[in-house]
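S.K.: Sharing a structure with you now.
Here, each number is a calculation from the coordinates, and none is a lab measurement. Nothing here was measured: the structure is a model prediction, and the numbers come from that model. Here Cβ is always computed from backbone atoms with ideal geometry, including for glycine, and neighbour counts include all displayed protein chains.
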Amino acid sequence: MKKRFFLAFAGYFVGWLYWKTMLEEWPMVLFVAAFLAWGVCIGLTKKPKGKMHWFWAAVTVLIGLAITLKRCNATDGWDVLALHGAAAFWAISFCGADRGGEDALGFAWDCLDAFLLLPFGNFFGRIQDAVSSLAGLAKPTNGEEGKKMRRDFWLAVLCLVLALPLLVLVTNLLGQADAGFENMVHDFQKLFRWNLSEHFWEECFLFAIGLPVGAYLYGLLRGAARRENAPVLSAAQLEKLRVLPGTGANLVLGLFCGVYFLFFGVQAGNLFAVFSGHIPGTLTASDYARSGFFQLCTVMAINFFLIWLLSLLTKPNRVGKWPQALLMVQSIFLAVTAGAKLWLYIARFGFTPLRLLSAWAVLVLAAGCLLMLYTLGSGKKTFRLWLYLAAGTFTALCFY
């Protein structure tokens, strides 16, 4: 009971520390260390499924260290987003609530659990655990009236402690809205000789906005620790999803391949000009490098999603491997041309950290295409390897 109470109450400190590191540039490693230690204490009794939690813990710590050292020159703000994702994946992995990252479907489900279902499904769990554990500590025995009064007293004290910072914050805001009320509050403070500095009000504000953050994080850890087994789609449920005929899936893939061939034919001059080192037409080097770069990367991501969706909605071995392989080869060609344009741009105008991030995106997408071709040829799952590659290289990029 005592442990559960203190773990629940620690969420208020973690929520406050989150905003201290985000808004006041405290070392990010402080929040990372506090969150990991908090998570270990909550999920210590759960046996982790595999070794993925070690990987996500390393990614979380290293990105937090890179942010603290102000080394994230190339990631352009994506490092903070990646830190949140890695910390969430570590939480569900450490508590054995993940699906091991074997395939894209399991990873998508883990994302849904980590960011929506578990945190918001247990959003008020911190209050429940704090109140119930405190009530358990003061639980009356043999119907003794004195112990019942003692329990009610400590519950009332807890409510007062939790409400007092919000009361102070509301009083300050009302004082800013009305000068007369502000003067009355000042007179009341002088009466009791309160010496509340402006720094105190700032800390109260950080504590207040840290309440939902702490509740969200505690909900994530609490939900992951209490889950016995991560739900998965059974064979019968998957069979119900697979309503698309194989001919329809192959027709869709063929249609996409045909559109890409048409695009290559129309844009042949512009696409192949980059390999000869000159810029076609009246385009400048920057326009040529940027022309369609992000669109091509988006198209490659859509191709991955298309193959995954068709494999989910179609019975196994009904989707032709050759159309999928052709689509991946076309995606690799798009990646090569996008990378060549970027290289030409860097050769003429020099290197910048943001261009390094663009090069990383192209290489990760190209690696995904190659691994997909290997999966189609061998039947072995390679999604986890691609996940290691993408997260690991991004973490290294954060130190540039």
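S.K.: If you stretched the chain out fully between Leu105 and His199, how much longer would it get, using 0.36 nm times the residue separation minus the C-alpha to C-alpha distance? Could the numbers behind the result be given before it?
M.R.: On the way: separation 94, 0.36 × 94 = 33.84 nm, distance 4.79 nm.
Fully extending the segment from Leu105 to His199 adds 29.0 nm.
S.K.: Follow-up question, since we're still on this one. Going through the range 10-102, which trypsin sites (Lys or Arg not before Pro) have at most 11 other Cβ atoms within 10 Å and a DSSP loop state? Please report the intermediate quantities before stating the final value.
M.R.: Working: sites: Lys20, Lys46, Lys49, Lys51, Lys70, Arg71, Arg99; in loops: Lys46, Lys49, Lys51, Lys70, Arg71, Arg99.
When the trypsin sites (Lys or Arg not before Pro) of the range 10-102 are filtered for loop state and at most 11 Cβ neighbours within 10 Å, Lys51, Lys70 remain.
S.K.: State, to one decimal in nm, how far the label point of Leu30 lies from the label point of Phe399, with both points 7 Å from Cα in the Cβ direction.
M.R.: For Leu30 paired with Phe399, the spin-label model returns 2.4 nm.
S.K.: Over the Cα atoms of the range 346-396, what radius of gyration and what Dmax do you get, in Å?
M.R.: Final numbers for Rg and Dmax: 13.8, 44 Å.
S.K.: Distance from a point 7 Å along Cα→Cβ of Thr171 to each backbone N in the range 204-225: keep the residues under 19 Å and list them by number.
M.R.: What the label zone holds, given the 19 Å backbone N cut-off, is 204-209.
S.K.: Can you pull the one-decimal nm distance between simple spin-label points at Ile302 and Val243, each 7 Å off the Cα toward Cβ?
M.R.: Reported label-point gap for Ile302 and Val243 is 2.5 nm.
S.K.: Starting from the Cα-Cα distance between Val157 and Arg348, subtract it from 0.36 nm times their residue separation and give me the gain in nm to one decimal. Each step should come with its number before you reach the end.
M.R.: Working: separation 191, 0.36 × 191 = 68.76 nm, distance 6.85 nm.
Answer, rounded to one decimal: 61.9 nm.
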